[in-house]
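The values are calculated or read from the model by the stated rules, or taken from the named source; none is laboratory data. Note that the structure is predicted; figures quoted are calculated from it, not measured. When we count neighbours, we look across all protein chains shown, and the Cβ atoms used for this are built from the backbone with ideal geometry, even at glycine.
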Amino acid sequence: MTDGHNKIELKNPVIAAILAFLIPGAGHFYQGRTFKGAIYCFCILSTFFCGMALGDWKTVYYQSEPGKRNLGYFAQVGVGLPALPALIQTSRYNKSISPAKLAQSEADSNYFESPPYRMEMPLEAPFHGTLLDRGDNGKNISGQLDGYIKLKTVPGEFGPEIKGTFEGTLDSKPIAALNLSDPVGIGLPLGGDPERSLECAVVREVSGRQTDTGHIEGAIPRPFLNWFEMPLSNQELDDINKKLGKRYEFAVVFTWIAGLLNLLVIWDAFEGPAYGRGDEEETASTDKKTPPTKP
Amino acid sequence: MSIPLLFANQVNAVVYLIPLLAVISLVYNATRYEIPQIIIQRSIRFFFTAIIIMGALMTLLALLSWNL
């Protein structure tokens with residue numbers, strides 16, 4: 001450290017360091033060092049959010065399970081507030097998943113939730129996906145579905161079962177409502193993807209009996225708070241790597257670098273710069289005075 | 001996915017490094033100096049020095065892997 005830091009008004013360095021950790025540049029704004037505050041705020045936050053956007057907003061999360069722990073989060077958390085929600089999300093995620101379900105996630109790549117999803121019924125949500133079905137005239141029907149799905153629990157012959165309807169379009173053309181029934185598979189309510197997978201059977205009346213004639217497969221949206229900075233399952237991690245390839249790696253590196261750069265910023269807010277105000281002139285004058293050495 | 005991000009996926013990986021290097025040089029030099037003019041001068045110098053060093057390394061690696 002040089003004497004130069006004495007020439008800079010650091011106010012309360014501890015408060016400045018805490019502010020600098022929470023929001024990059026905030027500590028410097030507090031100290032009245034607006035130029036540097038603006039540089040830090042713009043550069044670090046833009047790098048961090050560019051990284052998040054490049055990685056489809058799936059780059060920042062904390063996985064605390066043994067064997068799956070991602071140490072990269074400890075670099076990302078240097079950015080402060082933008083990365084801290086990941087800790088809360090991890091805690092929510094771990095509470096929602098029992099060890100038995102975690103074992104299931106290893107075995108079942110689709111990782112559909114077993115019976116507890118009935119607790120969420122009735123469920124109404126926008127749906128998009130595909131239909132594979134045999135129509136009333138016996139012909140096969142398939143295509144892209146886009147519309148609204150409604151599911152609810154009703155008493156059945158062997159206990160409660162799920163019934164519902166899909167209303168919307170098939171390949172952009174309106175269709176009659178589809179009747180849906182068990183078996184139903186719904187992705188977990190919490191997950192790293194903004195969409196939650198859903199599949200269920202389509203039933204039609206054949207010879208006076210409700211018969212399973214096909215199924216729909218697609219996704220319903222997750223609320224923002226149920227996916228933002230939420231840990232990714234192995235399947236979700238594979239999917240994002242498959243989809244983005246090396247771009248995902250770059251995106252993660254962007255967020256790491258943003259967090260690590262903020263550590264330098266926190267130190268600058270706490271202790272001042274390595275060369276304080278005025279040292280630069282001294283250095284420059286020393287350079288000029290020093291004669292070139294000749295052998 | 002938005003069109004700019006789709007486009008970004010197509011460009012060479014090196015393009016990602018340029019803004020990243022600009023950010024690193026600006027923030028690093030801002031933590032070392034206090035006067036805005038000095039920060040900017042040193043950042044520009046740092047940026048181009050790093051570009052030259054990285055370019056030299058890439059050229060060296062390209063030459064070493066020639067005809068492999």
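Overview of values
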{"item": "Filtered residue count, the range A:254-266, keeping only those that are at the interface with chain B (Cβ under 9 Å from one of its Cβ atoms) and in contact (Cβ under 8 Å) with a residue 60 or more places away in the chain", "result": "6"}
{"item": "Within the range A:176-213, considering residues that are among the β-branched types (Val, Ile, Thr) and without any contact (Cβ under 8 Å) to a residue 60 or more places away in the chain, the one farthest from A:Phe228 (Cα to Cα)", "result": "A:Val206"}
{"item": "Residue identified as touching a strand residue (DSSP E or B) at 6+ places or on another chain (Cβ under 8 Å) and either surrounded by fewer than 20 Cβ atoms within 10 Å (Cβ to Cβ) or not aliphatic (A, V, I, L, M) (or both) among A:Gly187, A:Gly191", "result": "A:Gly187"}
{"item": "Scan of the range A:57-75 for residues that are of a type in the set (Phe, Trp, Tyr) and farther than 15 Å from A:Glu236 by Cα, ordered by number", "result": "A:Tyr73, A:Phe74"}
{"item": "Residue match in the range A:209-227 (condition: more than 28 Å from A:Asp56 (Cβ to Cβ) and acidic (Asp, Glu))", "result": "yes"}
{"item": "Residues located in the range B:30-44, provided they are more than 7 Å from chain A (Cβ to nearest Cβ), surrounded by 16 or more Cβ atoms within 10 Å (Cβ to Cβ) and either basic (Lys, Arg) or over 19 Å from the mean Cα position of the chain (by Cα) (or both)", "result": "B:Arg42"}
{"item": "Identity of the residue in the range A:194-242, among the hydroxyl-bearing types (Ser, Thr, Tyr) and in contact with a strand residue (DSSP E or B) (Cβ under 8 Å, 6 or more places away or on another chain), that ends up nearest to A:Leu81 (Cα to Cα)", "result": "A:Ser197"}
{"item": "Listing of helices (runs of 4 or more DSSP H) fully contained in the range A:2-82 that carry 2 or more residues being within 11 Å of chain B (Cβ to nearest Cβ) and over 19 Å from B:Ser25 (Cα atoms)", "result": "A:34-54"}
{"item": "Residue within the range A:266-280 that is within 20 Å of A:Asn70 (Cα to Cα) and either at pLDDT below 90 or in contact with a Gly (Cβ under 9 Å, 6 or more places away or on another chain) (or both) present", "result": "no"}
